[in-house]
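What follows is a single structure, and I will ask about it in a moment.
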Amino acid sequence: MTTNDHTVDPLHLVRDIATRAVLAVGLAGIGLIHLLDSIGKYHETRYVFWLYVELIVASLATAGAVLFTRSRTAYLAAAGLAASAIAGYVVSRTTGLPNATGDIGNWTEPLGLASLFVEGAVVAVGAAAYAVTRTRPVRLVGRLTATPVAA
């Protein structure tokens, strides 16, 4: 953004759209992977099933926040949510969860690896977007112009 005419650089606009799209699709992917894995969890360990449901709902809500708000907090929330899922995976594979020790050492389970990949991408993109985004949001006016939001 230039200081004289408040126009938005087209490259910045494309980067913003791509970042939001990658995060939203990644968060939806996290939800989908955990939905697919939740089917067996309902009968195995009921509380893990409900943790999955919470993660799915939080992933979709955060994807909505990333897409429909211009808040840096949404980027941070996306990265934090994905990091919490990674932490859950690591705990379930190392020490195990209460009443759920069957996955200890099972590091190569396909859905788990897919989940780690998507979650890692969301952490990386969300953290980077949070780090480089301005602290003062900009409201887009017209096609490629912007005006600062009143504080």
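With the convex hull built on the Cα atoms of region 10-148, state its orientation-averaged projected area in nm².
In nm², the orientation-averaged hull projection of region 10-148 is 8.7.
While we're on this one: With each label point set 7 Å from Cα along the Cα-Cβ vector, what nm distance links LEU76 and VAL132?
Placing both labels 7 Å along Cα→Cβ, they lie 1.9 nm apart.
Each value in this text was obtained by applying a stated rule to the coordinates, not by laboratory testing. Being a predicted model, the structure only gives us computed values, none of them experimental. Here Cβ is always computed from backbone atoms with ideal geometry, including for glycine, and neighbour counts include all displayed protein chains.
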